[in-house]
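Working notes for the structure below.
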Amino acid sequence: MILKRFIRFTKESSIRSQIFFSVILNSLISIAVILFMASLFSKIMDETGNSFETNTYLDNYLEQLSVTKSAMEAYVKYKSFGSIDKYYDVMENAQNMALKLHENPSTIEVFQKEYIIRKLSLNFFDLSMKAIAARRGNRSEDARFYYERSLDCYSHLKKKIVELDIILFNMNAKNYNSNRERIQNIVQRLLVAMFILIIVMVIVPLLSVFTITKPLAQISSTARRLSEKDFDVPLFKNEDNDEVGNICRAFNAMIISIRDYIDQIWERAMKENELREKEIEIRALYTEARLKALQDQIKPHFLFNTLNTGAQLANIEGADKTCSFLEQVSAFLRYNLQHPGNEATIGQELGMLDNYIYIMKVRFDEKYQFIKNIDESLLSARMPNMILQPLVENCLKHGFKDMDENQKGIVKISVQKKTGGEEGDSSLAEGDAGTGKDSFIEISISDNGNGFAPGVRERVLAEAERGGNGVSLEVSEAEKGIEDSGHVSAGLVNVISRLRMYFKYSDVFAIKDNPDGKGSEFLIKIKV
């Protein structure tokens, strides 16, 4: 921390102060190096003094083993309780010392001998404890057997400890001699280091002066290039707070200002060029869009006029059923032409639905039955257009998809006025709580088909809530256990999304089971 403050202080001072402080810093570094060499020398001396610690450790261990053996002998021979207490105390210390020895076989001689001593020690402890246990149980033969075995093991153990002690002594003696040589080398290197430090104390100030004056040469070269209108010059990286640093920052600010001005002129020219190109492109797209719009207007009118012509020909030829069919198709098309926007009345939606139902009856030969229960006083209420037809189409396509051929599909369409307290209000999707007992128009479309597969109804509502494109109306692979990609009902999700966007409340639409029995029911709730 002190060194950082010292460096910061020198950076914020004048050039002469920096030179003065650099000399002081070099002196401090020299002293630190000398102290480091002295500490290194002291460390080597400590290592030399600790060279024979391993021999001391083995001597202590051998002494603990000897006391353990003596305590065992005293108990086995004289069965003295004082000797057995001493045996367990000393043996515990001896065991702890033995466990510090190398525990795995090794190719290194010292570690291998430590491993053998460890094994012999554990064997000695085991035999001695068995001898004592036999003596305590008055089993004289066993006590004598284990006692003799333990003495034999102790004899081998002592021999191995002495061998290891000799090896370690020789190694420690070599280390001692090596440390002495290292001390001599360090003394020689210390003298060389002191000589080098003296040279450094002379060279470093010279380098400091060179470092300080180097930016001045760069400033001179940069000023010459700027005078020649060469603005692609590198910025100075000198962030010092001295005189040279201030000059470098001033030059950087000037160079950046000139570059920014040139860049602004260049960007302005590029933007003007892009605007001209976009203007030309927009004009071309506008002309193309007008042409496409005129063509799109001609296509439905041509189809509408063609259907009317076909209906007139069928009428002239006496094909009344064909004439009526073409007139219904023409009326269905006329509804889309007359309502290009997003809004219609309930009556107009029902009229278009009548046209669609007629077409379906002709197409499927009275396969389906349509039942209507309409309150005529509610037909003037407004709603988004093209809402009811997709719901009825969903009943025909999906509700009756796998229906028995002998069963007749029934679609019920109901438009009634209700209040919040009337039965049926609870069937709507939970969303805008607090509608209370306000009046509303309930439009119901139900079928007696197969209904929705488990979980599909929730996925449809969730998809509409997040503004998705559609979901599968079939049972998923995980639910059915077979491959079936299903159908993606973009139309049903679109209906729900448009209703919520038009009326601006979420409980405008709900899906539930048909209250009359099998099948599903779509409910639309329009507040009045």
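The values are calculated or read from the model by the stated rules, or taken from the named source; none is laboratory data. Quick caveat: nothing in here was measured; it's all calculated off a predicted structure. Ideal geometry is used to build each Cβ from the backbone, glycine not excepted, and the neighbour counts take in all protein chains shown. Side chains included, ligands, DNA and RNA excluded: accessible areas come from the protein's heavy atoms. Shrake-Rupley method; radii C 1.70, N 1.55, O 1.52, S 1.80 Å.
Given the pairs LYS130/LYS158; LYS77/LYS158; LYS214/LYS271, which are separated by over 32 angstrom at their Cα positions?
Working: LYS130/LYS158 20 Å; LYS77/LYS158 22 Å; LYS214/LYS271 43 Å.
Listed pairs above 32 Å: LYS214/LYS271.
Taking the highest mean first, how do the peptides 411-419, 358-366 order by number of other beta carbon atoms within 10 angstrom per residue? Write down the numbers at each step before the final one.
Numbers: 411-419: 17.9, 358-366: 13.3.
The packing order, highest mean first, is 411-419, 358-366.
Along the stretch 119-134, what does the Karplus equation 6.51 cos²θ - 1.76 cosθ + 1.60 (θ = phi - 60°) give for ³J(HN,Hα), rounded to whole Hz, x for Gly and Pro?
3J(HN,Hα) across the stretch 119-134, in whole Hz: 5, 5, 5, 4, 5, 4, 4, 5, 5, 5, 5, 5, 5, 5, 5, 5.
In terms of the ratio Rg/(2.2 N^0.38 Å) built on C-alpha atoms, what value belongs to the stretch 363-421?
Details: Rg = 14.4 Å, N = 59, 2.2 N^0.38 = 10.4 Å.
The stretch 363-421 yields a ratio of 1.39.
Please compute the contact order of the stretch 88-153 in relative form: average sequence separation of alpha-carbon pairs under 8 Å and at least six residues apart, divided by the residue count, as a percent.
Taking the mean separation of contacting Cα pairs over the length of the stretch 88-153, I get 25 percent.
Pop out the carbon and sulfur fraction of the accessible area of the stretch 101-258 as a percent, whole number, probe 1.4 Å. Mind showing how you got there, number by number?
Values: 5940 of 10150 Å².
Percent of accessible area from carbon and sulfur atoms in the stretch 101-258: 59.
Sort 57-66, 251-260, 506-515 for me by packing, meaning the mean count of neighbouring Cβ atoms within 10 Å per residue, highest on top.
Working: 57-66: 17.1, 251-260: 13.5, 506-515: 18.8.
Result, highest mean first: 506-515, 57-66, 251-260.
Cross-link list LYS119/LYS160; LYS408/LYS525; LYS361/LYS397: which exceed 21 angstrom alpha carbon to alpha carbon? Please report the intermediate quantities before stating the final value.
Values: LYS119/LYS160 11 Å; LYS408/LYS525 28 Å; LYS361/LYS397 14 Å.
Exceeds cut-off: LYS408/LYS525.
Can you run phi through the Karplus equation (6.51, -1.76, 1.60; θ = phi - 60°) for the stretch 352-367 and list ³J(HN,Hα) in whole Hz, with x for Gly and Pro?
Per residue, the Karplus-derived 3J(HN,Hα) values read 5, 5, 4, 4, 5, 5, 4, 4, 5, 5, 5, 5, 9, 6, 6, 6 Hz.
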